[in-house]
Amino acid sequence: MAFFSKEIIASIREQSLSSESHSAISSEALSVIYRHRLFKLFVPGELNGAAESLPAAIRIFEEASHIDGSFGWLITIGSGGGYFASIFAPEVAAELFTPDDAVVAGSGHPIGTVHNVPGGYRATGSWRYCSGADFATIFTANCVLPDGTVRSFIFSPDQVQVTRDWDAYGLKATSSHTISVSDAFVPEGRTFDIANGKRYYEHPIYDYPFIPFAEASFAAVNIGICRHFFEEAESVLKLYQSAGNEQRYNFVHDLILRQRSLLNQAVEVFYLAVERSWTALLNDKKMEDQMLNEVSHTAKKSVSVALSAAQAVYPYLGLSVAMEHTALNRCWRDLHTASQHILLKSFE
C-alpha cells in the first residue's frame, strides 16, 4: 500500500526544481514530513514517535525517494536519528525527541576533540556532510576523549555554526552542510555510546545493529531514485514514438524493461533479507551474523544494480538527460550522489 497520496506526490515534485535551485527543501515538504511524523519513524510512541518496523520504514524511504531524491534522503537521514532515542534517560529523551519538529543532523566521523570539565565536557570540532543542518533541532557528532576512546555528543542549535558549503551535483536540497562547535559545553547526560547496549525504551529496532540498519536505509533511497529515473526515461520515450522513430523507441523500451527487471530481482532479494533478519529478531530476540551479512550484501548489491541499470539506459536518452532542469537529469545526479555513501561500498 502506498504511504504517500497522489496529492503529496504531485506537490513535492512540483517543488523539486525550486528546492534544488534554492538548495533547500521547501517549507511545504517539511510540513508533510512533520505532519506524518516521518522524522520519527524510529522514535518510541511514548515520545510522540511512530515506532515503525525496519521493513516498513525502508519501504517508506524507497517511496519517498521515488518521489524526489532529496525528499527521500532527508526523511531517511532524519528518521535514522530516532535510533538513538532509547539511549537517553527518559527526561532527556523527552526534551530532545518529543517536539513535533524534532530531527537530528550530524556526523559519525570521530574528528572532534573534548576535555573533561565538572558536569560534562567541552567540545570543539568541525564535521562535514550533516544532512538537514538548516532545520535540525538536535546535532550529533563523534569526538575523541582524552583517553583515546570515541563518544557521541549532542549539541543544541545555538551551539552550532552551520557553514552552507554543500555543493554536490546531486541531492542539492538536502542541506548537507558543515557544522562546527567551539568549546561547547555538553553535560554528561547528552553524550552516548550506541554500542553500550543500555536502552530505556523497548522496540526491536534498538536491538538491530546500526551498520546493517544504515546500509538497508541508504539502499532504499537509491532504489527509489532509480525507479523514478526509469519512469522519467519512459516519458522521454513517448517523444520518440510520437516523432515516428519506432526503431529507437523499441530499442530503448526493451532496454529499460531488461534493466528494470534486473533491478526488481536485486530488490526482491534485498527486501527478503531484511524481512528474514527482522522476523528472526522478533521471534528469537537475536539474528545470526550470516543474516546480517546477507542484509549488508544485498543492500550493496541492489545499489550496484541500480547504478549499472541506469548507466545502461543513459546513453540512449538523448540530450534531454543532460539538461539539469529536467527531472530525468535530477534523478541521474541524485542517484550518483546517494550511491557514493561509504557504507554502500564493498572493498573486498
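Of all residues in segment 280-302, those that are hydrophobic (A, V, I, L, M, F, W, C) and at pLDDT 95 or above have Cβ atoms under 6 Å from Cβ atoms of residues that are outside any helix (DSSP H, G or I) and surrounded by 19 or more Cβ atoms within 10 Å (Cβ to Cβ), 6 or more apart or on another chain, in ALA280/MET287; LEU281/MET287. Quick test for you: out of ALA219, ALA195, pick the one residue that is part of a helix (DSSP H, G or I) and either surrounded by 21 or more Cβ atoms within 10 Å (Cβ to Cβ) or under 22 Å from the mean Cα position of the chain (by Cα) (or both). Unique residue meeting the criteria: ALA219. Give the residues of segment 26-49 that are assigned to a helix (DSSP H, G or I) and not hydroxyl-bearing (Ser, Thr, Tyr), sorted by residue number. Across segment 26-49, the qualifying residues are GLU28, ALA29, LEU30, VAL32, ILE33, ARG35, GLY45, GLU46, LEU47. Scanning segment 112-159 for residues that are among the charged types (D, E, K, R) and part of a strand (DSSP E or B) returns ARG122, ARG128, ARG151.
Taking the listed residues ALA123, ALA136, ALA64, ALA102, the one that is closer than 30 Å to LEU335 by Cβ and touching a strand residue (DSSP E or B) at 6+ places or on another chain (Cβ under 6 Å) is ALA136, with no other qualifying.
Under the condition of being surrounded by 11 or more Cβ atoms within 10 Å (Cβ to Cβ) and either in contact with a strand residue (DSSP E or B) (Cβ under 8 Å, 6 or more places away or on another chain) or not in a helix (DSSP H, G or I) (or both), the residues counted in segment 235-249 number 1. Looking at segment 1-25, which of its residues are assigned to a loop (DSSP other than H, G, I, E, B) and either without any contact (Cβ under 8 Å) to a residue 60 or more places away in the chain or of a type in the set (A, V, I, L, M, F, W, C) (or both)? Of everything in segment 1-25, those that are assigned to a loop (DSSP other than H, G, I, E, B) and either without any contact (Cβ under 8 Å) to a residue 60 or more places away in the chain or of a type in the set (A, V, I, L, M, F, W, C) (or both) turn out to be MET1, ALA2, PHE3, PHE4, SER5, ALA24, ILE25. Just to be sure, is ASN264 more than 30 Å from TYR206 (Cβ to Cβ) and under 22 Å from the mean Cα position of the chain (by Cα)? So ASN264 passes the test. Just to be sure, is ARG276 among the charged types (D, E, K, R), touching a His at 6+ places or on another chain (Cβ under 8 Å) and surrounded by 14 or more Cβ atoms within 10 Å (Cβ to Cβ)? Against the criterion (among the charged types (D, E, K, R), touching a His at 6+ places or on another chain (Cβ under 8 Å) and surrounded by 14 or more Cβ atoms within 10 Å (Cβ to Cβ)), ARG276 does not qualify.
Tally time: how many residues in segment 87-111 are surrounded by fewer than 24 Cβ atoms within 10 Å (Cβ to Cβ), in a helix (DSSP H, G or I) and not charged (D, E, K, R)? Of the residues in segment 87-111, 6 are surrounded by fewer than 24 Cβ atoms within 10 Å (Cβ to Cβ), in a helix (DSSP H, G or I) and not charged (D, E, K, R). Might you let me know whether segment 161-180 holds any residue that is over 24 Å from the mean Cα position of the chain (by Cα), surrounded by 14 or more Cβ atoms within 10 Å (Cβ to Cβ), at pLDDT 95 or above and hydrophobic (A, V, I, L, M, F, W, C)? There is no residue in segment 161-180 that is over 24 Å from the mean Cα position of the chain (by Cα), surrounded by 14 or more Cβ atoms within 10 Å (Cβ to Cβ), at pLDDT 95 or above and hydrophobic (A, V, I, L, M, F, W, C).
The values are calculated or read from the model by the stated rules, or taken from the named source; none is laboratory data. None of these values were measured; they are calculated from a predicted model. Here the Cβ is made from the backbone with ideal geometry for all residues, glycine too, and neighbour counts use every protein chain on show.
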